[in-house]
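The values are calculated or read from the model by the stated rules, or taken from the named source; none is laboratory data. For clarity, every value in this text was computed on a predicted model and none was experimentally measured. Note that each Cβ is placed from the backbone with ideal geometry, even for glycine, and that neighbours are counted across all protein chains shown.
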Amino acid sequence: MAIGKVRSAIRSLAPYRPGKSAAQAEQEHGIVDAIKLASNENPRGPIPAVVEAVETAARQANRYPDHRATTLRRRLAERVGVDPSHVTVGCGSVGLLQQLCLTYIDPGDEVVYPWVSFEAYPIYTRMMNGVPINPPLVNHAFDMEAVAAAVNQQTKLVLLATPNNPTGTAVSTTQLKTLLESIPSNVIVLIDEAYREFADPALGDPVTDLLPHHRNVIITRTFSKAYGLAGLRVGYAITDPEIVTELDKILLAFAVNGPGQAAALAALDSRDEIQPRIDDLLGERTRLVNGLTEAGHKLPDAQANFVFLPLGERAEAVCHGLERRGVVTRPFPGVGIRVTVGTAAENERFLTSLADVETEVASG
């Protein structure tokens, strides 16, 4: 007999599936020296100033941190050019996504998000007994006309990851403006920019291009990817103060811990040191794209710190073959594999291993 009566929405949920670790692949395949290119992490550790800030904050771990992360909110507001009342923080941008769904979705409300996209979207939608509406991608990118057409009186939220995870494609603020002008202003539109720092600046900035004209826009960003702080879980949102007030009501107490707040502040102070690391990753992304294109792959436009190989039914076989060679990627069965941009050596190992695996798969 089951212990307790679990909500039906939770009982039917599949849990979030994180990328497989290198250690797990080594254990499963009896190998050593595996590399992980599965979770879109920054391959380089935090800069020394961040490490020092975390060590200092850890000495005060017996005290609760500032629940609202007031200083961090103020510094973020200064960075993006808004009043602090427009900024909130959370346990990574995915934590803010959960707060958003808890705040706005009633049972039966519709949530529109193109598919394939971020795997947390269906989890949080169904957690609240929401109804997912999923316009399919076209050429691995969002069909914005289909997204607009999917919005109706039952729609509560529209969730748009740009760049999109896992395909890496992005939409411009011009396209987003067209969407916002064609749907009701009481529908909340999330612009999930976890990978913003890797995208073409020509796509525009929703904080300056959209937020002043559309109060129903929420922009989420994170310190996990470009800043290399995935293990500290610090995300933030920029939106209308009314929405900030509602999201803050269900911010888990002290969700952004003290070392996380200290690390984020130090990272903001050190952007001149971090930017060259981002530039190096962009250069490695270009090298990966060129290598894959020369090998005959047709790739979606890569705007994040990963590339996506649309392998269709071969995805799982190729992913498994790479794992046996110690290269861990992220499979999307029947669709493709997502490969994080790593160090130069890791990327070279991936390209070499992929060529071997594809020869093996082709020969049956």
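Per-structure values
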read-out: Test: residue in segment 13-32 that is in contact with a helix residue (DSSP H, G or I) (Cβ under 7 Å, 6 or more places away or on another chain), among the charged types (D, E, K, R) and either free of Cβ contacts under 8 Å to residues at least 60 places away in the same chain or not assigned by TED's automatic domain parsing to the domain that holds Phe198 (or both); value: no
read-out: Segment 61-84 residues that are touching a residue at least 40 places away in the same chain (Cβ under 8 Å) and closer than 18 Å to Leu210 by Cα, paired with ones that are of a type in the set (Gly, Ala, Ser) and surrounded by fewer than 17 Cβ atoms within 10 Å (Cβ to Cβ) (beta carbon under 8 Å, 6 or more apart); value: none
read-out: The one condition in (1) surrounded by 20 or more Cβ atoms within 10 Å (Cβ to Cβ); (2) within 23 Å of Gly312 (Cβ to Cβ) that Asn134 fails to fulfil; value: (1)
read-out: Condition check for Ala49: in contact (Cβ under 8 Å) with a residue 60 or more places away in the chain, part of a helix (DSSP H, G or I) and small (Gly, Ala, Ser); value: yes
read-out: Matching option when the condition is crowded, with 18+ Cβ neighbours inside 10 Å and over 20 Å from the mean Cα position of the chain (by Cα), among Ala315, Ala304; value: Ala315
read-out: Criterion: surrounded by 18 or more Cβ atoms within 10 Å (Cβ to Cβ) and over 28 Å from Ser85 (Cβ atoms) - qualifying residue of Leu265, Leu282, Leu288, Leu247; value: Leu288
read-out: Helices (runs of 4 or more DSSP H) contained in segment 97-189 and holding at least 2 residues of a type in the set (S, T, N, Q); value: 173-182
read-out: Filtered residue count, segment 214-246, keeping only those that are in a helix (DSSP H, G or I) and either farther than 14 Å from Arg73 by Cα or outside the structural domain of Thr162 (by TED's automatic domain parsing) (or both); value: 6
